[in-house]
Amino acid sequence: VSRVIPVDTFDLVIFGGTGDLARRKILPGLFRRYSAGQMPEAAQVIGAARSEMSVNEYRAMVREALMEFSDKAEQGEEVIAGFLQHIDYQQVDAQGDDGWEALREKLRDGIVRAFYFSVAPFLFGDIAERLKTRGLADADSRIVVEKPFGRDLQTARALNATLATYFEEGQIYRIDHYLGKETVQNLMAVRFGNILFEPLWNAQFIDHVQITVAETVGVGGRGSYYDKSGAMRDMVQNHLMQLLCLIAMEPPARFEPDAVRDEKLKVIRALEPVLANEVVRGQYEAANGEDGYLDHAGDPRSITESFIALKVRIANWRWQSTPFYLRTGKRLRARMSEIVVRFREPPHSIFGEEAGGRANEMTIRLQPDEGMDLRVTIKEPGPGGMRLVDVPLDMTFADALGPDAEEVPDAYERLIMDVIRGNQTLFMRGDEVEAAWAWTDPIIAGWEEGKTKPAKYDSGSSGPEAALELLHRDGRRWREIR
Ligand code: BG6
């Protein structure tokens, strides 16, 4: 039985259709949906970019991108050829007149129309304006925009204002691809689909929360973008903030766009300013056969951070006295993204301290090896008396769902289909993005003013020592990056 839920026929235009994101994520994502039988027969995907290119040349480029970046490419020539039938190309000048009329003629009336802005943000305004004034977009059309959504509150506001000149908020889909990750959605299912957790989900029962997004990749070819960004802007303001919101928010009344986003916004607005001594910034150095950050940074004296750890407090009833520790970095020992919810110890041990046993801990593994486990204390088997051990109640999704389960879909394919469905639940609202910058800005200003240098850490390590210290001084420790 197919569990593919059909979507309406659509025209999807990808501005920046020859770019990196299109080749790595958007087109392979669409191809996966096609392979799964979810792409309507009459759906049309139009790459739009500056280059002069025939449709066949563009299709050849798409084919190459699939060979390189899609795990489905081995499905064979026929499937790829079928997908390519849906692909068209139009040369357009985002800042000029060329190509817009031709693009308009390719669009069909009466079906879903979506425009993906996979281009640098300085072009958002030009494209939005042309879509609107030249009659390519109507009141039901959708636009999809990518991060970076500004680099601070002021630029984010300006971007929101520009888009709002031409589109309603209900037409704007701001992507944070972390929200499209299967496990991230599961987080909401587990929290709000069970009665077990919610009564304990507060400062009375939760000691602290850790959110780690560790990567092994370095900045490589993205040095010039990354150096102006750093881990705080690149990862914390968006991805880690979204994870924090999903853990910390109040139960929304419904799983609907504004109900969910209202609750997330309240969390962001309740964040306390972060103290300077509760942020640790790091920059990787050559070690373990890997290069150092400065080898790619463009500026050999760059003080941009490739690692950050911080202690975050949420000033509301639910979380008063439960800190959230966030950390993310590049060139770390392992690729590991997980959230650890550490419960408090039972108030009294009837077995005596020496019997062992530890606090319950729930681990949500975002990637790799998606799943969850809940550490519980049981009796050590055998006749040796009442000794306690910890065992994980393991819910690795692949095991739990069995071999027939659909493969875990990539974040992008899920989100693109949500755009077609017109469902904004997993997209960021303008005020949410602004609130996140309003919290981030003073933290960044703190080190930019002081020109504070990040601490060095070895490529392939688990980050700077000071990050460990951040928890040690609270009598806690990070989950090992492994
Ligand atoms: C992107 C960041 O948004 O997310 C990258 O710009 C980062 O620097 C990437 O590597 C991580 O995404 P994922 O899905 O690989 O965890």
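The values are calculated or read from the model by the stated rules, or taken from the named source; none is laboratory data. For clarity, every value in this text was computed on a predicted model and none was experimentally measured. Note that each Cβ is placed from the backbone with ideal geometry, even for glycine, and that neighbours are counted across all protein chains shown. Heads up: the accessible areas ignore ligands, DNA and RNA and are worked out on the full protein's heavy atoms, side chains in. Shrake-Rupley method; radii C 1.70, N 1.55, O 1.52, S 1.80 Å.
Over the chain, the Kirkwood radius and the radius of gyration, each from Cα atoms, give a ratio Rg/Rh of 0.99. In whole Å, what is the distance between the alpha-carbon centres of the stretch 277-325 and the stretch 169-211? So the separation of the two Cα centres works out to 23 Å.
Sequence-distant contacts, meaning Cα pairs under 8 Å at least 6 residues apart, place the relative contact order of the chain at 18 percent. By accessible area, using a 1.4 Å probe on protein heavy atoms only, the chain has 51% of its surface on carbon and sulfur.
Using only Cα atoms, locate the centre of the stretch 328-344 and the centre of the stretch 4-51, then give the distance between them in Å, rounded to an integer. First find each Cα centre; the distance between them is then 32 Å.
Taking K and R as +1 and D and E as -1, what net charge do the other residues with C-beta under 14 Å from the C-beta of THR133 add up to? With Lys, Arg at +1 and Asp, Glu at -1, the neighbours total -1.
Taking a ≥ b ≥ c as the square roots of the Cα gyration tensor eigenvalues, the stretch 240-320 comes out prolate, since a/c reaches at least 1.5 and a/b is larger than b/c.
Distance check, please: which entries in LYS147/LYS181; LYS181/LYS311; LYS181/LYS264; LYS72/LYS106; LYS25/LYS132 exceed 20 angstrom between their Cα atoms? LYS181/LYS311; LYS72/LYS106; LYS25/LYS132, as the Cα separations exceed 20 Å there. Please sort by residue number the trypsin sites (Lys or Arg not before Pro) in the stretch 60-143 whose DSSP state is loop and whose Cβ has at most 15 other Cβ atoms within 10 Å. Taking the stretch 60-143 and a limit of 15 other Cβ atoms within 10 Å, the loop trypsin sites (Lys or Arg not before Pro) found are ARG108, ARG134. Taking every protein chain into account, the accessible area of the chain amounts to 45 square angstrom per residue (probe 1.4 Å). Against the empirical curve 2.2 N^0.38 Å, the C-alpha radius of gyration of the stretch 303-365 lands at a ratio of 1.54. Dividing the helix sum by the residues of the chain, where each DSSP H run of 4 or more adds -39500 (n - 2.57), gives a mean residue ellipticity at 222 nm of -9000 deg cm²/dmol. What is the stretch 10-146 by shape, rounded, prolate or oblate, if you read a ≥ b ≥ c off the alpha carbon gyration tensor as root eigenvalues and call it rounded for a/c under 1.5, prolate for a/b larger than b/c, and oblate otherwise? Prolate is the answer for the stretch 10-146, as a/c is 1.5 or above and a/b outweighs b/c. A DSSP coil position with no more than 16 other Cβ atoms inside 10 Å describes the following chymotrypsin sites (Phe, Trp or Tyr not before Pro) in the stretch 154-221: PHE197, PHE205.
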